[in-house]
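This report concerns only the one structure given below.
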């Protein structure tokens, strides 16, 4: 690990992930989308061994596709979210696994509890962010979520994890 | 209720194509479907490219029957075996797919070759002289056949041959199989798996339904408009293009063509994969839409699994694979704009509404386009307009016939 990583960086990275989680729980999808770089991806693979160029994913959005996704969720015609889900994103076990001047790789454990149509669902797994440092803050170049049930049978998964 | 036309009687469907809500709700109907429909049809279980090498296997279902589909290590043939130990009934194969020359039951160590033969029984002195290992292998499903790489199995030993069963659906399967030219197609992209709390027939009825697209999927049309700067011609085509037509292929199969097969045409322009220029239902549970193969797996009267396998032309370059995968993922699958809205609108809300079994009008109406469908007397095929319910009636005709057939 690079010597540039300090305790202060760790806290600001953790704060960034917590802010991201709050945005999603407050359904501020467009603010959340603004965190992503133009060369970014939001990726929910189907399995740990997934190659997005060879295997289908649950989500593999580049910046343009993610713009469409968040805009659709912000509108009133996404029936998969009528009624809307109530979510609670819990981010923990935050670890910085790599850091250099260009990019910081952070893994964390994500537990999203969702309440919709009188039912609770739990989506959880390992989350990986690749972050770019900008102007004293961060932007997201990659958000990858490996759900523990990614190759199981899934229902309406229209929330942002 | 009165009988269905053409002498196929059903207590559930009137001559005017009012369909009783019971067929989506009643566990007794579901149990009968498992015997009369899934027990007497050719049911798709695998594509040859999923089990290419000797020893390869995957698990599947024929109705509720758990089976293993394996490729023989010696002669390369396909076996479809009940996933059930002959001793005390344990499932012997625990993985969804893999490669193995044998399956060993963890309970008492009985071991079977991947062709089903019983090759090992620990402490076999516990069985007398009459114990014949050769008769104690994994039971084979009655019939197995492959058409152009699509492997089907049937629980019915008397069923007509697969090619005859596929009937007028064959030319569409040929079109799909030919997509990769000499190289063929492959299902190496793996599959998304959906589950919804509703009857399996709701998915069948939703697969060929251009009528709903501009309502349920308006948000998708809005996305397309943003991409291209102009409104999609989809609605105009559904309403006015006579080449967009729903066809009852007989045998329960149906197709919606977006232009005559093989003709030069624009794509249907909705960016859902754009590989297969039609929506095809092969009775009872197989479909092809966009760029994927779709398999409907009924679990109970109110639970259904749907597996979505993107299809690649086997010689596809990276750009083609990327387009197919991204177009598929954005519309289909648990987080796809189309599938998630279909689960909510076409399955969950319909299931909720159908709970009103006390309604004096406890039927759905499958009559759209009855007044204008064209019947080809010679072939029995019926052709309707794009938004008409010819495909739904196609499968319900076959469904009725089989449900009312005597044992």
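Rg and Dmax over the alpha-carbon atoms of the protein assembly as shown stand at 25.5, 84 Å. Converting the Cα gyration tensor eigenvalues of chain B into ellipsoid dimensions via √(5λ) gives semi-axes, longest first, of 38, 26, 19 Å. Over segment B:108-150, all Cα pairs binned in 5 Å intervals from 0 give whole-percent P(r) values of 5, 18, 23, 18, 12, 8, 7, 4, 4, 0, listed from short to long. What the pair-distance distribution of segment A:12-161 shows, using all Cα-Cα distances binned every 5 Å from zero, is 2, 9, 18, 23, 23, 15, 7, 2, 0, 0 percent.
The calculated FRET efficiency for the pair residue B:372 and residue B:404, based on their C-beta separation and a Förster distance of 22 Å, comes to about 0.20.
Residues of segment B:272-300 falling in the label zone of residue B:49, defined by backbone nitrogen less than 17 Å from a point 7 Å along Cα to beta-carbon, are B:273-277, B:287-295.
Note on residue A:76 and residue B:119: their simple-model spin labels are 6.6 nm apart, each label 7 Å out from Cα toward Cβ. Comparing mean-square fluctuations of B:215, B:82, B:288 from a GNM of chain B with C-alpha springs under 10 Å, the top value falls on B:215.
Between residue B:243 and residue B:158, the contour length at 0.36 nm per residue exceeds the Cα-Cα span by 26.8 nm. Using a Gaussian network model of chain A in which every pair of alpha carbons under 10 angstrom is joined by a spring, one finds that among A:112, A:91, A:134 the greatest mean-square fluctuation is at A:134. Residues of segment B:182-223 falling in the label zone of residue B:148, defined by backbone nitrogen less than 17 Å from a point 7 Å along Cα to beta-carbon, are B:182-187. For segment B:279-348, the share of alpha carbon pairs falling in successive 5 Å distance bins from zero is 4, 15, 22, 25, 18, 9, 5, 2, 0 percent. Applying 1/(1 + (r/R0)^6) with r as the Cβ-Cβ distance of residue B:300 and residue B:91 and R0 = 22 angstrom yields a FRET efficiency of 0.75. Exposure proxy shown here: for B:119, B:68, the number of other Cβ atoms within 10 Å sets the order, fewest to most, as B:119, B:68.
Dividing the summed helix terms, -39500 (n - 2.57) for each DSSP H run of n ≥ 4, by the number of residues in chain B produces a 222 nm estimate of -6500 deg cm²/dmol to the nearest 500. Over all pairs of different C-alpha atoms in segment B:341-393, the reciprocal of the mean inverse distance, the Kirkwood hydrodynamic radius, equals 13.3 Å.
With a Förster radius of 45 Å applied to the beta-carbon distance between residue A:126 and residue B:182, the computed FRET efficiency rounds to 0.60.
Rule-based calculations on the coordinates, nothing more; no lab input. Everything quoted here is computed from the prediction, not taken from an experiment. Every residue, glycine as well, gets a Cβ built from its backbone with ideal geometry; the counts of neighbours run over all protein chains shown.
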